[in-house]
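The values are calculated or read from the model by the stated rules, or taken from the named source; none is laboratory data. Remember, it's a predicted structure, so these values are computed and weren't measured experimentally. Positions of Cβ are backbone-derived with ideal geometry, glycine not excepted, and every protein chain shown enters the neighbour counts. For accessibility, only protein heavy atoms count, side chains too; no ligands or nucleic acids. Shrake-Rupley method; radii C 1.70, N 1.55, O 1.52, S 1.80 Å.
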There are 2 protein chains.
Amino acid sequence: MEFIPSGTVTSPEGFHAGATCAGIKKRDDKALDLGVLFSEVPCVAAAVFTNNRIKAAPVILSRRRLVGGRALAAVVNSGCANACTGRRGLKDAAKMADLAAEGLGILPEDVLVASTGVIGKRLPVRRIQDSIDQIILSRDGGHELARAIMTTDTIPKETAVAVEAGESTFVIGGIAKGSGMIHPDLATLLCLLATDAAVDIGFLRLALRRAADSSFNMVSIDGDTSPNDMVLIMANGLAGNEPITEQSELAGVFQQALDRACIFLAKCVARDGEGASRMIEVTVGGAPDITQARLAARAVVSSPLVKAAVHGSDPNWGRIMAAVGRSGVKVVESKIDLYIGDVCVVSAGRPLPFSRRGLKRILSGSEVPITLQLNMGTAAATAWGCNLSEEYVTINSEYTT
Amino acid sequence: MEFIPSGTVTSPEGFHAGATCAGIKKRDDKALDLGVLFSEVPCVAAAVFTNNRIKAAPVILSRRRLVGGRALAAVVNSGCANACTGRRGLKDAAKMADLAAEGLGILPEDVLVASTGVIGKRLPVRRIQDSIDQIILSRDGGHELARAIMTTDTIPKETAVAVEAGESTFVIGGIAKGSGMIHPDLATLLCLLATDAAVDIGFLRLALRRAADSSFNMVSIDGDTSPNDMVLIMANGLAGNEPITEQSELAGVFQQALDRACIFLAKCVARDGEGASRMIEVTVGGAPDITQARLAARAVVSSPLVKAAVHGSDPNWGRIMAAVGRSGVKVVESKIDLYIGDVCVVSAGRPLPFSRRGLKRILSGSEVPITLQLNMGTAAATAWGCNLSEEYVTINSEYTT
């Protein structure tokens, strides 16, 4: 199992993609903002959607279309979320799928839709109609598509993992967009995954949920979530393997590869958090179970005060203790060990002396590892986030203006 | 029932307070940082403490001492939280109470302790010992005490409410400190309340919990909580009324006055959030029950994206919808009405056209009212918060450095 250099969502066999500038994005009219992912052959498809009760039209539409577990293409736009747009929004989303289907010569029912951008504005369907024909699909069009789904992201997020397992070889590729409005416990962000492995629909759904739980659901940028969050996977079976089920020999390695791709993308999202310059990686060990380990790790990585302290390279470790204390996990102060990088600052609940300068150096790195050992059990989990910067506030106070 | 001009925690009969500079605060050595609240006669006393699993030594000590429901004094410091300090911290807190008791000529068991400031540093007991005698108690010393508990607060927070009910007259006064690390669902911040009403201990505990639930527990500055949060009330009975119980005629008016004092202080805390220039007041109506109304109101007022949008006077109302959608409350999009100020921007889930300029004016006010009507029931709740500014980040990235 290895990462493919410059791998992307079109790295697996039979996937094509492309993007264009439809003028949906407001600020920069030259930016790509409309794209398509297409498979030569029908795919088994699954998704994880936002838990937000306010669901965007594309989420409602795609969820409905995925009941059968089948798809051939996905059409995606940035610049407009098509959320809080009521029935008209649903019609607009369906129209967007119709337009893509027409161009591809397939049924609208086989087209999934995803949108990201400003909430509460109607989708400019006319602009989409006028420009969707300009999209040229290609086998390395994943790179274009990765750029077309960006909003406040500063870099495209792409990966692909190649697996050789016995006689089978397959690839899982993916792209994601993230930045603001990313929160654990929800499907989070926009992520399109593709694989040429043949996968049973039941197992695909299960594997995607598991992968999302240990990757995207462990990322926190600002504690908010969006009505548009969606993680989608399409499996076209061109690798020629027997369809993988939960019982297959390949099940383990498929899950591992999917986890790896998703964690890679999740870390890209954390690193590129709005206004962020540092990734924070919080690992909690010694928890009674995985649920509590995750809860504790997410509480620390989501804490505005911890994030602000990392931003200032301030070794204010008390905030980490306070965050784990309010996480809802039954921690016992006198059992906790806390490490910042490899420096133990709290041992069995007692503060240890440390070199302020050394700790500031660790906190100034591009990746800041924080490790908590709760000493209450054996479960562990890792969560990713970023520093909270003045720039985050600036970006988010001017989003629609 | 009316607010007393320049009212404070020593406005009720028989309460004295004072403060001094013990040099516990690091940045400004001239600042008041140690103070005492004292009652001429023994008080019935109750408190609400932080729900954080990591509890500071003063919280542990005061909780233990309040089991009997009695107190004569409280000694408070800022500049050091005495949290995450283990057994030594407990000894230090007890020593601080001993020193206060000695000066007042009372038993240490009758002295409560509260601390606020940096976590993980030992209390400088020596400095407290050297300066506690400088504290001069007076009948209007509440003003000094209010300043002595400030950390990143920019203004002292004080109030007093006078009640005339039939033949009875009594006063409830209080002071609070807040700013960062304030979060709903927890006892939040530091607040000292005093009253000359005679109150039964069972009712006093109940009334304080209720008042905290509708005031301090509805304030959100940054979503974090501290190991030191404490709301304390002392009732000395000098008003001469029959002790108020849940069944008393005076129960309702006492609760109302206590609520009013707490809500006043809670709003002061929200208004003075770290780096804040605007108070946000979110009212949720039409909820199925009070728990859900509170949950929804707090989710909106806590949302970093909503807070950042208000900071930029950006009428990005979609973020309000997204926040209520992820609150956990079972909202139905097509039933929601949303008002910013008196402008309806969403009616039955449908966006209405609005004057961008008019909305920006409302969002630029010192108080920004947001109202959500869920149309799912009859319960309502209000929560208070503040805008998220670049200054918040600056303050919190340099706290211990």
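Quick notes on this one:
- Size descriptor for the stretch A:247-401, Kirkwood hydrodynamic radius: 16.4 Å (Cα pairs only, one decimal).
- The alpha-carbon of A:Lys95 sits under 16 angstrom from the alpha-carbons of these aspartates and glutamates, leaving out residues fewer than 8 places away in its chain: A:Glu109, A:Asp110, A:Asp130, A:Asp133.
- A P(r) calculated from all alpha carbon pairs of the protein assembly as shown, with 20 Å bins opening at zero, reads 17, 45, 29, 10, 1 percent.
- Listed pairs A:Lys177/B:Lys121; A:Lys30/B:Lys335; A:Lys360/B:Lys30; B:Lys55/B:Lys307; A:Lys335/B:Lys91; B:Lys30/B:Lys360 exceeding 31 Å between Cα atoms: A:Lys177/B:Lys121; A:Lys30/B:Lys335; B:Lys30/B:Lys360
- Among the protein heavy atoms, those of A:Trp317 account for about 20 Å² of accessible surface (1.4 Å probe, every chain in place).
- Carbon plus sulfur fraction of accessible area for the stretch B:42-117, probe 1.4 Å, in percent: 49
- Accessible area (Å², 1.4 Å probe, nearest 10) - B:Tyr339: 80
- The helix-based estimate of mean residue ellipticity at 222 nm for chain B, built from -39,500 (n - 2.57) per DSSP H run of four or more residues and divided by its residue count, is -9000 deg cm²/dmol to the nearest 500.
- The stretch B:192-274 shape via C-alpha gyration tensor axes, a/c threshold 1.5: prolate
- Along the stretch B:290-297 the Karplus relation, 6.51 cos²θ - 1.76 cosθ + 1.60 evaluated at θ = phi - 60°, assigns HN-Hα couplings of 4, 4, 6, 4, 5, 4, 5, 4 Hz to successive residues, with x for each Gly and Pro.
- For A:Leu265, neighbours were defined as the other residues whose beta-carbon sits under 13 Å from its Cβ, and their charges (Lys and Arg +1, Asp and Glu -1) total +1.
- The order of A:Glu2, A:Glu164 by accessible area, most exposed first and with a 1.4 Å probe, is A:Glu164, A:Glu2.
- All Cα-Cα distances of the stretch B:62-116, cut into 10 Å bins from zero to the largest, leave 26, 55, 19, 0 percent in each bin in turn.
- Rounded to 5, the percent of DSSP beta bridges in chain B classed as antiparallel: 70
- Close amide H contacts of A:Ile135 (hydrogens built in the peptide plane, cut-off under 5 Å, sequence separation of 5 or more or a different chain): none are found.
- Amide H contacts of A:Lys157 (H built 1.01 Å from N, in plane; Pro and chain starts excluded): A:Ala176 sit under 5 Å, all sequence-distant by 5 or more or on other chains.
- The residues packed around B:Cys344, meaning those with a beta-carbon under 12 Å from its beta-carbon, carry a net charge of -1 if Lys and Arg are +1 and Asp and Glu are -1.
- B:Lys95, B:Lys30, A:Lys55, ranked by accessible area, largest first (probe 1.4 Å): B:Lys30, B:Lys95, A:Lys55
- The angle separating the long axis of helix B:251-271 from the principal Cα axis of greatest extent in chain B is about 70 degrees.
- Take the Cα radius of gyration of the stretch A:316-401 and divide it by 2.2 N^0.38 Å, N being the number of residues; the result is 1.31.
- The stretch B:1-107: antiparallel DSSP beta bridges as a percent of all, rounded to 5: 100
- Between the amide H of B:Ile280 and those of B:Val368, B:Gly385, B:Cys386, B:Asn387, distances stay under 5 Å, these residues lying 5 or more places away or on another chain, with hydrogens modeled in the peptide plane.
- Distance histogram in 5 Å bins (all Cα pairs of the stretch B:116-180, percent per bin): 4, 13, 16, 18, 19, 14, 7, 5, 3, 2, 0
- Rolling a 1.4 Å probe over the protein heavy atoms of the stretch A:242-401, with every protein chain left in place, gives an accessible area that is 51 percent carbon and sulfur.
- Relative to the current alpha-carbon distance between A:Arg63 and A:Gln129, full extension at 0.36 nm per residue lengthens the span by 21.4 nm.
- For the peptides A:359-372, B:74-87, residues were scored by their other Cβ atoms within 10 Å and the scores averaged per peptide; the highest-first order is B:74-87, A:359-372.
- Normalised size of the stretch B:282-352, defined as Cα radius of gyration per 2.2 N^0.38 Å with N residues, equals 1.03.
- Fraction of beta bridges assigned by DSSP in the protein assembly as shown that are antiparallel (%, nearest 5): 70
- A Cβ-based charge dipole, computed about the Cα centre of the protein assembly as shown with Lys and Arg at +1 and Asp and Glu at -1, lands at about 260 debye.
- Structural size metrics of the stretch A:226-309, computed from C-alpha coordinates, are Rg and Dmax of 17.2, 51 Å.
- A simple rule links phi to the HN-Hα coupling: the Karplus curve 6.51 cos²θ - 1.76 cosθ + 1.60 with θ = phi - 60°, which for the stretch B:388-394 gives 9, 10, 3, 5, 3, 5, 4 Hz, with x for Gly and Pro.
- Top of B:Gly105, B:Gly240, B:Gly173 by mean-square fluctuation, Gaussian network on chain B, Cα under 10 Å: B:Gly105
- For B:Glu246, the accessible surface of its heavy atoms amounts to roughly 80 Å² (probe 1.4 Å, protein chains only, rounded to the nearest 10).
- Out of every Cα-Cα pair that chain B contains, those further apart than 26 angstrom amount to 52 percent.
- The stretch B:341-357 - phi-based ³J(HN,Hα) in whole Hz, Karplus 6.51/-1.76/1.60, Gly and Pro as x: x, 9, 9, 7, 9, 9, 10, 6, x, 9, x, 9, x, 8, 7, 4, 5
- Against the empirical curve 2.2 N^0.38 Å, the C-alpha radius of gyration of the stretch B:1-107 lands at a ratio of 1.16.
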